[in-house]
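Input: a single structure, listed below in structure tokens.
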Protein chains: 2
Amino acid sequence: MAETPGVTEPTLEEQIAAYQREFQDLDPQVEKIVSALSRLNRRMNVAYGRQTSALGISNAEWEVLKALVLSGAPYRMGPGDLAKRLGLTPAAMTHRIDRMVTEGLVTRERDESNRVRVIVELTAEGREKWLEAMRLATVFEEDLLQDLSPEERTALGEVLTRLLRRVEHAQPDAGGRLADLD
Amino acid sequence: MAETPGVTEPTLEEQIAAYQREFQDLDPQVEKIVSALSRLNRRMNVAYGRQTSALGISNAEWEVLKALVLSGAPYRMGPGDLAKRLGLTPAAMTHRIDRMVTEGLVTRERDESNRVRVIVELTAEGREKWLEAMRLATVFEEDLLQDLSPEERTALGEVLTRLLRRVEHAQPDAGGRLADLD
DNA sequence: AGTGAAGACTTCAGAACTAAAGTTTGAAGA
DNA sequence: TCTTCAAACTTTAGTTCTGAAGTCTTCACT
């Protein structure tokens, strides 16, 4: 078998115990929150990734669709703006758009009023893909929070936004570049 | 100026409003929790990334150090086990270890009792790097949670682990491969 | 007009990854 | 013993990213 024991991911409790063993001045309560947050987020991303790949699009493509939809009708943005919004270099954006154009998710054309600029526009198919992904995502999210009462949901949302404000206040912005979309 | 307006990241509230505008059957309370969770996690990762790069190590290297330390003394693992633990292919692990060996963070040697296996072992310098990173991380984490009372911390930890259990129960495991460390 | 400079995007070279094929070692059965 | 198979790791080919150089358009100043 040769499956070395201990390779399977430890439970949250095991992991916190390991942290305490190796690093004495650790507040287990803090570590529990931080580790649970990180782990929960990862699991959710795995779930989203499965859903989008079931729709035949990659996570990278989903992010672009999201940015375009959230920009509002007529669902147009320039490659440079998209790059800033997604936290990518313009070079990476060029290639991503290449792929998405060939798949029919977006169109690319020059802005005739200012021929330096390029306009990336969502196609009807791209918009439909986003809607399908959202339908799947909302089902998953509602299922995830199913055990939480309305009061617990309110409290959780409030605490998380409080933490978020604190982080955002502490860190002006990561090198001027924005990170991935929610 | 040519800085197209609307490129800066929207606030959480603006983003939720955009979601509601584009997708009617959305529970804003659910979306608030999910978006805050995701955004908070991202901001935290940016902070960790700055701290580790200030220590002269990459995030990738930090993950390897973490896995080795948490495995406990004598801080040894095989490349294959490390790859599973970090959610990488064995090929990627080979290259990562190459880099870390040249930087003196780990050593690589054949297992003499079973020459198919390779042993990656943390060096004293690698362990020290991990400890420094942990010292920075705990300061940041304590600062982050500063406004939360002990009761709120307990409640938050409890709710998050409850959600975590729910996700883990729902999804057996992502294709048999483990994701990144917390 | 004519030149210079800045902006927006693309192209190119290099880094880190994945998937799949290749190599070496150990173990099990003919 | 010899053969065959499986396991563990490495190597190779191809993808997607970053950083830097390159191209094309526009604007400002002379």
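Key figures
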read-out	value
Odd one out for A:Leu68, checked against (1) among the aliphatic types (A, V, I, L, M); (2) away from DNA strand C (no atom under 13 Å from the Cβ); (3) over 22 Å from A:Ser113 (Cβ atoms)	(3)
The range A:88-110 - residue that is of a type in the set (Val, Ile, Thr), more than 19 Å from the chain's Cα centre (by Cα) and under 24 Å from B:Thr8 (Cβ atoms) and, of those, nearest to DNA strand C (Cβ to nearest atom)	A:Thr94
Total residues in the range B:130-144, condition open to solvent by 30 Å² or more (accessible area, probe 1.4 Å) and touching a Ser or Thr at 6+ places or on another chain (Cβ under 9 Å)	1
Within the range B:108-123, considering residues that are within 22 Å of A:Phe23 (Cβ to Cβ) and away from chain A (no Cβ under 14 Å), the one nearest to DNA strand D (Cβ to nearest atom)	B:Glu121
Of residues in the range B:58-95 being away from chain A (no Cβ under 14 Å) and open to solvent by 30 Å² or more (accessible area, probe 1.4 Å), the one farthest from DNA strand D (Cβ to nearest atom)	B:Ser58
The range A:96-107 - residue that is open to solvent by less than 40 Å² (accessible area, probe 1.4 Å) and more than 26 Å from B:Gln20 (Cβ to Cβ) and, of those, nearest to DNA strand D (Cβ to nearest atom)	A:Arg96
Any hit, the range A:48-57, residues being at the interface with chain B (Cβ under 10 Å from one of its Cβ atoms), without any contact (Cβ under 8 Å) to a residue 40 or more places away in the chain and either of a type in the set (A, V, I, L, M) or not in a loop (DSSP other than H, G, I, E, B) (or both)	yes
Given (1) within 20 Å of B:Leu181 (Cα to Cα); (2) part of a helix (DSSP H, G or I), number of the condition A:Leu68 does not satisfy	(1)
Condition check for A:Arg85: touching an Asp or Glu at 6+ places or on another chain (Cβ under 8 Å) and within 12 Å of DNA strand C (Cβ to nearest atom)	yes
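The values are calculated or read from the model by the stated rules, or taken from the named source; none is laboratory data. Bear in mind the structure is a predicted one, so any value in this text is a computation, not a measurement. In this analysis, Cβ positions are derived from the backbone assuming ideal geometry, glycine residues included, and neighbour counts consider all displayed protein chains. The area values use the complete protein model at the heavy-atom level, side chains included, leaving out ligands, DNA and RNA. Shrake-Rupley method; radii C 1.70, N 1.55, O 1.52, S 1.80 Å.
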